[in-house]
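The values are calculated or read from the model by the stated rules, or taken from the named source; none is laboratory data. Quick caveat, the model's predicted, so the values are computed rather than measured. Cβ placement follows ideal geometry from the backbone for every residue including glycine, while neighbour counts extend to all protein chains displayed.
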Amino acid sequence: MYRTKNTSTLTLFGVSSPTTATKQRLRWTSELHELFVNAVSQLGGPDRATPKGILTAMAVPGLTLYHIKSHLQKYRLSICLPVYQATDNSKIERKDNIDNITNMDSASLDKTLELQIEVQKRFDEQLEIQRQLQLRIGAQVRYLQEITEDLPLVFEDKQKKQSENDNYPVKKVKKPRIGDQAALFLSANKLDSYVTD
């Protein structure tokens, strides 16, 4: 809530109805300012937002174009002006990013740029390594699927040949586990043939 200079008038957002011909002074509360900031951001930021657009976006009864113009001007200035901070000695220090950038010598700017480029190169290398690993994993999955499909046939053929030679009745062979299958058929040359770029 906020109050106008006429303290007897209070509304939900503290905006008095424009009953008098004089301009009412408005105290911006945090709630009202939050509505203002939301309206400004909806309209494209402080440089693109117009007072009339903000007034319609806020839709607060009793708020005038004069109030919006004044607050928008102060809001723009607060964004553009450098931030001031009080130090331990109660002196005010100016903190301005633009001054900090211009005070940096070109060597430190070059070094910063080189570091940024180096970080980007490392990031790209990591992405390439990750892509290669994903290709390898996909190749191993395809290879293991092929092995598991072919393995029962291999064992059945081997069992039939053994039973024909020994004249023993054919017994059912227990299907080996996947780890056993991989150990039997894993070959680096064959695995590389499954890797595609």
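When Tyr66 is tested against (1) within 32 Å of the chain's Cα centre (by Cα); (2) surrounded by fewer than 16 Cβ atoms within 10 Å (Cβ to Cβ); (3) among the hydroxyl-bearing types (Ser, Thr, Tyr), just one condition goes unmet, and that condition is (1). Looking at the structure I just gave you, is Asn89 modelled with pLDDT under 55, of a type in the set (S, T, N, Q) and closer than 30 Å to Ser78 by Cα? Considered against the rule, which asks whether it is modelled with pLDDT under 55, of a type in the set (S, T, N, Q) and closer than 30 Å to Ser78 by Cα, Asn89 comes out as yes. Of all the residues in the range 29-59, those that are within 12 Å of Leu72 (Cα to Cα) and part of a loop (DSSP other than H, G, I, E, B) number 6. Residues satisfying the criterion are absent from the range 72-84 (criterion: surrounded by 10 or more Cβ atoms within 10 Å (Cβ to Cβ), at positive phi and at pLDDT 60 or above).
Taking the condition surrounded by 10 or more Cβ atoms within 10 Å (Cβ to Cβ), modelled with pLDDT under 95 and not hydroxyl-bearing (Ser, Thr, Tyr), does Asp105 pass? Judged against the criteria, Asp105 is not a match.
Among the candidates Leu65, Leu115, Leu153, single out the residue that is among the hydrophobic types (A, V, I, L, M, F, W, C), under 30 Å from Asn38 (Cα atoms) and modelled with pLDDT of 70 or more. Result: Leu65 is the single residue among Leu65, Leu115, Leu153 that is among the hydrophobic types (A, V, I, L, M, F, W, C), under 30 Å from Asn38 (Cα atoms) and modelled with pLDDT of 70 or more. State whether one or more residues within the range 171-183 are aliphatic (A, V, I, L, M), at pLDDT 60 or above and loosely packed, with under 12 Cβ neighbours inside 10 Å. Checking the range 171-183: not a single residue is aliphatic (A, V, I, L, M), at pLDDT 60 or above and loosely packed, with under 12 Cβ neighbours inside 10 Å.
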